[in-house]
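Report on one structure; see the data block that follows.
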Amino acid sequence: MSRTLKYRQQVGDFRARIERILRTGPTSPGSRRIHIDTTGTRTRRVPFRTTEEHLALYGHARHYSVARILALLALVREVEKTHLRPHRVSVQPTGAIWQAYKGTAEYNACHTCPSFLLFDGQLPSQITTNRALQRHLVVEFSDCMLMPRSVNEVDIFLDEAAGRAGFATAAEQVLNDRSIDWQEGVEIFREEVRSVLGPIGELYHLPPGRDLQLRDPEAQQFLDALTAYFEGLFLRRVGENEMRNFIGQVLAEMGSGQ
C-alpha cells in the first residue's frame, strides 16, 4: 500500500463522527464546512522529504481520489439501480461541504478530489440508503492533504479549467451507464484534464524536461505543481490491487449490514 493511502483517514477511525454527520441531515453548499477530524489531531500526515516528493504524493492522491469515488458510484448504481431510472441522474460540481480537517496558518487542507458533487441536487450521501456506502462517500469527498497555499491556487486553476467538469462528466457516465466501470470513468476524467495538462506533457518530454528551471520563483512553483499533477495522472497508474482491496472492504461492510 502506498504511503498516500496508508496515511489517509479511515472510516473505522472516525465512524462515530461520520454517523453524527449523517444523522445531522442535509447541508447546503456554501455553508460552513463540516470537519471529520474536528481537532486535527487524529489524522496521520503523509511523510515526505522534499517539496518535489510532497507535490508528487499530492498529484498521485488526486488520481486515487477520483478512482475511489467513481468506484463507490459504480456500487451505488448497482444497489440503487440508477441506470434503470426513466431519467438520467444529473451531476453538478459545487463547493465542498465536508472536509477531513482544517488547514493551518501555513498550509491549506486541500481536497484531493477535483470537486464536491451534487446528484439531482442531492448530497452524495443522499443518493443511496446503504449506510456503508454513505460513510465511505463522506470520507472520500472529505479527503485532504496539507499543502502550501500556492498549491491550492494551482488547484483552483486546474479544477476550474477542466477538473471539476471532467469529474462531473465521469461521475454522470458511471452512475447512469452500467457498461462504464470505474476504470473507464477514470479514463474519461483523464481525457478531460488532458486539454489543460497536455502542454505540460509536451514540455515534460523535451530537454531539459522535469529539470526545467524558471527565473521567477512563483512561476517555477506553479510549473512544479502542474508537473506533479501530470505525473500523478498520466505517468503513474492506479494500482489494481489497491483498488481491489478498497472495493472489497466496502463490499464487506455493505454485506455486514453495519
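In degrees from 0 to 90, rounded to the nearest 10, what is the angle of the helix 131-142 Cα long axis to the longest principal axis of the chain?
20
How would you rank 70-77, 177-184, highest first, on the average number of other Cβ atoms within 10 Å across their residues?
Working: 70-77: 23.8, 177-184: 15.4.
Result, highest mean first: 70-77, 177-184.
Hey, in the GNM for the chain with a 10 angstrom Cα cutoff, which one of THR50, THR128, THR94 fluctuates hardest?
With Cα springs under 10 Å in the chain, the top fluctuation among THR50, THR128, THR94 is at THR50.
I need the peptides 159-171, 103-115, 57-69 ranked by packing, meaning the mean over residues of other C-beta atoms within 10 angstrom, with the highest value on top. Don't jump to the answer; show the numbers that get you there.
Values: 159-171: 21.2, 103-115: 18.1, 57-69: 23.9.
Highest to lowest by the protection proxy: 57-69, 159-171, 103-115.
Relative to the longest principal Cα axis of the chain, at what angle does helix 240-256 sit, 0 to 90 degrees, rounded to 10?
The answer is roughly 20 degrees.
Which value results for Rg/Rh of the chain when Rg is the Cα radius of gyration and Rh the Kirkwood radius based on the inverse mean 1/r?
Working: Rg = 17.9 Å, Rh = 18.7 Å.
On the Cα set of the chain, Rg over Rh gives 0.96.
As a check on your grasp of the helix formula, calculate [θ] at 222 nm for the chain: sum -39500 (n - 2.57) over DSSP H runs of n ≥ 4, divide by the residue count, round to the nearest 500.
-17000 deg cm²/dmol
Among 240-246, 145-151, how do they line up from the highest to the lowest mean number of other beta-carbon atoms within 10 Å? Don't skip to the end; give the middle numbers.
Details: 240-246: 13.6, 145-151: 19.3.
Peptide ranking by packing, descending: 145-151, 240-246.
So what does the Cα-only Debye profile of the range 156-197 read at q = 0.31 Å⁻¹, as log10 I(q)/I(0), no solvent term?
Here the Debye-derived log intensity ratios amount to -0.98.
Relative to the present Cα-Cα distance, how much length would full extension add between GLN183 and THR41 at 0.36 nm per residue of separation? Please list the in-between numbers first.
On the way: separation 142, 0.36 × 142 = 51.12 nm, distance 3.41 nm.
Taking GLN183 through THR41 to full extension adds about 47.7 nm, to one decimal.
If the chain between GLN92 and GLN10 were fully stretched, how many nm would it gain, using 0.36 nm times the residue separation less the Cα-Cα distance?
On the way: separation 82, 0.36 × 82 = 29.52 nm, distance 2.63 nm.
Using 0.36 nm per residue and subtracting the Cα-Cα distance, I get 26.9 nm.
In degrees between 0 and 90, to the nearest 10, how far off the longest principal axis of the chain does helix 164-176 point, with axes built from Cα atoms?
So the inclination is approximately 30 degrees.
Under the rule a/c < 1.5 gives rounded, and otherwise a/b versus b/c splits prolate from oblate, where does the range 61-109 land using the Cα gyration tensor?
prolate
Coordinate-derived values only; no laboratory data. Just so you know, these numbers come straight off a predicted model, no measurement behind them. Note that each Cβ is placed from the backbone with ideal geometry, even for glycine, and that neighbours are counted across all protein chains shown.
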